1. Output the number of residues of the range 143-156 satisfying the condition of being open to solvent by less than 60 Å² (accessible area, probe 1.4 Å) and assigned to a loop (DSSP other than H, G, I, E, B).
2. Suppose the filter is in contact (Cβ under 8 Å) with a residue 12 or more places away in the chain and small (Gly, Ala, Ser); does Ala427 pass it?
3. Mind checking which residues of the range 423-481 are under 17 Å from Ile176 (Cβ atoms) and of a type in the set (Ser, Thr, Tyr)?
4. Between Leu496, Leu488, Leu483, Leu531, which is aliphatic (A, V, I, L, M), open to solvent by 30 Å² or more (accessible area, probe 1.4 Å) and either in contact (Cβ under 8 Å) with a residue 40 or more places away in the chain or assigned to a loop (DSSP other than H, G, I, E, B) (or both)?
5. I'm trying to understand the selection: among the residues of the range 244-259, which are open to solvent by 70 Å² or more (accessible area, probe 1.4 Å) and either modelled with pLDDT of 85 or more or among the β-branched types (Val, Ile, Thr) (or both)?
6. If you take the residues of the range 340-367 that are among the aromatic types (Phe, Trp, Tyr) and either touching a strand residue (DSSP E or B) at 6+ places or on another chain (Cβ under 9 Å) or open to solvent by 70 Å² or more (accessible area, probe 1.4 Å) (or both), which of them is farthest from Thr561 (Cα to Cα)?
7. Spot the failing condition for His573; the list is (1) farther than 30 Å from Val339 by Cα; (2) at pLDDT 90 or above; (3) not aliphatic (A, V, I, L, M), and only one is missed.
8. Of all the residues that make up the range 17-67, how many are over 21 Å from Gly464 (Cβ atoms) and in contact with a Lys or Arg (Cβ under 7 Å, 6 or more places away or on another chain)?
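The values are calculated or read from the model by the stated rules, or taken from the named source; none is laboratory data. Just so it is clear, the model here is predicted, and its values are computed rather than measured. Methodologically, a virtual Cβ is constructed for each residue, glycine included, from the backbone with ideal geometry; neighbour enumeration extends over all protein chains shown. When the accessible area is computed, the model is the full protein with side chains, heavy atoms only, and any ligands, DNA or RNA have been set aside. Shrake-Rupley method; radii C 1.70, N 1.55, O 1.52, S 1.80 Å.
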Amino acid sequence: MKKNDQRQITPRSIVIGVIVVIFINLASPYAESVGFSNFSWSYLPEGAAIPVLLLIAINALILNVRQKLGLTQSELLVIFVMGLVSNATSIWLIYFFLAAIISPRYFDSPENEWHNLLLPYLPDWLIISDANHAVQWFYEGLPSGSKLPWQDWIIPLAVWSTFFISLILASYTLIIFFRQQWIEQEKLAYPLMQPILHLTKGNRHLELSIWLNPLLWLGVSIPFSIFIFDVGHHIKPQIPSFPVDHLGSLNWGAPFSTPGLSSLTVCINFIAIGVGYFVPQNVLLSIWLLYLLIKVGEVSVLSYTGKWYLGSGGMFVWGNAAIAWQSFGAFIIFVLFLVYRARRNLWQFVCLSLKKTQADPNMLMTSRSAIITFGTSIAFMVIWLTQSGIQLKINLIFIPLLMLIYLGISRVVCQSGIFYVVPPMIAQNPCIHLFSPKQIGHQGMISMSLTYAWHGDVQSIVSGFSAEAVRLRSAIGCSGRQLTIVILLALGIGLLVAPWGVILSGYWQGALNWNTWLFRGFGPNTYGQILTQIESSMGNEQIWQRLFYFGIGGFLMTGLTIMYYQFLWWPVHPIGLVIISSFTLYTVYLGFFITWILKHVILKWGGPRLYVKGIPFFIGLLIGHYLGRAVALSVYTAYGLQFF
């Protein structure tokens with residue numbers, strides 16, 4: 001690699017990147033608290049897209065004055081990467097975690113008997129004490145003249161930080177193992193990263209820039225106009241508006257009353273349409289077709305018969321339990337198959353770790369360092385969770401399941417471009433069904449309830465963001481190790497900044513006054529459900545019913561995989577079956593359907609040349625969405641309005 005390439009990560013890009021990371025980890029929790037926004041709720045989050053669009057605009061002005069002072073594409077991408085991965089810490093790691101460790105003492109009451117059933121089983125070093133009113137004042141606001149009770153936060157935050165560092169390192173090194181297979185061997189599309197590459201290309205050469213294309217601005221105008229009308233309507237109701245939901249989608253709800261169709265939401269999201277343009281046609285077809293077949297067809301049958309209708313799928317599993325377990329069976333086969341396909345690269349990775357060879361500059365870590373880091377992190381997590389009160393045998397199943405889920409979701413994001421996705425099942429539910437609450441024990445179940453703080457509503461994970469970020473390494477022109485330092489720096493700053501921003505906001509405003517449900521509902525709901533599971537008996541019939549649907553999903557996934565890889569004429573990719581039960585898919589499927597039709601017409605009648613000409617318009621839809629959301633975020637936060 002040329003020396004030039006090694007200097008693409010410049011000091012000023014790091015400084016600006018750090019500022020963006022700090023901003024995201026302060027602004028995202030604040031926007032969530034005040035307006036229940038979705039600043040960090042996706043794998044192309046507003047927390048990354050809005051800052052980089054702002055920087056591109058400022059950079060354009062600088063280039064007009066003095067070109068040498070402008071940021072290069074590499075610098076913009078470094079800043080974007082830092083902002084992207086920092087969205088993993090701001091909400092779905094720190095925000096949920098803080099709600100979990102402070103709520104038990106506040107919501108304890110004679111009615112729920114948490115002082116007998118819950119609090120004695122939660123280690124004092126993992127939750128916040130109220131000895132100095134730390135809990136009460138956080139929820140109700142700091143009294144005038146009182147000092148912040150920092151001392152009650154230090155030990156829990158320090159202990160939890162050791163676990164989060166191990167979780168981050170394990171999640172990141174997991175992606176390192178599959179980087180070469182996904183990027184160099186299979187050449188996955190990485191649809192969510194394509195728009196940012198187009199937007200930063202030709203940054204210093206206007207004749208190469210996509211920003212001068214009229215189609216781009218036509219695309220921008222459509223979603224941006226819709227958001228402006230919606231914002232105006234919230235301030236002055238006489239202004240007409242569109243049915244915009246908290247995700248920025250045009251959402252008409254579920255207009256059908258027929259069983260099966262009653263759960264089908266009619267929703268158009270411009271991110272889905274814009275990103276869908278970069279998704280392979282067979283993947284688009286798989287997602288919308290299988291979603292409709294399962295969501296409408298199978299759910300209708302289950303609704304009519306009533307037999308094998310399993311009710312709830314478990315904690316943080318929305319929708320039909322049968323579909324969730326079926327999807328989970330498909331998910332596990334999907335992940336095992338992708339591991340199987342990568343077997344040669346994985347074996348070479350292991351062999352390389354045993355040899356003394358010159359490190360490949362493309363590698364994010366040396367093979368030996370990655371294996372040692374992953375193994376040490378996993379071992380520490382197992383020990384830490386065991387010390388918290390979960391039995392070792394549970395952890396030996398829970399942690400591998402956790403890693404499989406993280407790997408599967410990362411693959412889905414990189415291959416399908418689904419920006420808003422959750423796994424069909426979280427790792428705790430199979431453990432609880434396999435061993436039963438009785439075998440896990442009261443202490444084990446209560447200790448497991450704390451794991452929902454960081455693995456419950458799984459929507460923005462480190463491995464998913466990291467998998468996207470490493471795709472940009474070649475465009476940045478840096479070495480793999482340099483990119484690793486940048487990513488881990490951003491995540492480390494996020495771990496330090498995000499907790500204190502939330503804590504200070506709580507004492508300043510009082511968490512009870514926030515519009516978000518998390519600090520009022522997450523603790524009571526999660527701990528309440530765990531206590532209900534402890535008291536309820538789980539029969540063998542329930543377990544076998546779930547395993548039956550798990551097996552159906554695995555069987556269907558195996559069949560679809562064989563058909564896809566053995567027969568060139570087979571049009572449906574198996575990936576759609578993996579995430580059918582994801583409640584977030586309601587905002588994706590219709591947009592993907594629209595894009596699938598448009599791409600089919602474009603490719604059939606205009607070929608690749610017309611397809612390339614259409615790229616600016618679809619990127620414009622994305623820009624218009626994020627610019628409109630930026631306006632909405634600013635106005636709603638200022639007025640204290642919610643995003644629905």
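1. Quick first cut of the range 143-156, residues open to solvent by less than 60 Å² (accessible area, probe 1.4 Å) only: 143, 146, 148-149, 152-153, 156.
Remaining after also requiring assigned to a loop (DSSP other than H, G, I, E, B): 143, 146, 148-149.
The qualifying residues number 4.
2. On the way: in contact (Cβ under 8 Å) with a residue 12 or more places away in the chain: yes; small (Gly, Ala, Ser): yes.
Yes, satisfied.
3. Scanning the range 423-481 gives Ser463, Ser466, Ser474, Ser479.
4. Numbers: Leu496 fails: either in contact (Cβ under 8 Å) with a residue 40 or more places away in the chain or assigned to a loop (DSSP other than H, G, I, E, B) (or both); Leu483 fails: open to solvent by 30 Å² or more (accessible area, probe 1.4 Å); Leu531 fails: open to solvent by 30 Å² or more (accessible area, probe 1.4 Å).
It is Leu488.
5. Our first condition is that a residue be open to solvent by 70 Å² or more (accessible area, probe 1.4 Å); within the range 244-259, this holds for 252, 255-257.
Result: Trp252, single match.
6. In the first step, residues of the range 340-367 are kept if they are among the aromatic types (Phe, Trp, Tyr); the result is 340, 347, 349.
Going one step further and asking which of them are either touching a strand residue (DSSP E or B) at 6+ places or on another chain (Cβ under 9 Å) or open to solvent by 70 Å² or more (accessible area, probe 1.4 Å) (or both), we end up with 340, 347.
Values: Tyr340: 13, Trp347: 23 Å.
Taking the candidates together, the pick is Trp347.
7. That leaves (1) as the condition not met.
8. Number satisfying all stated conditions: 2.
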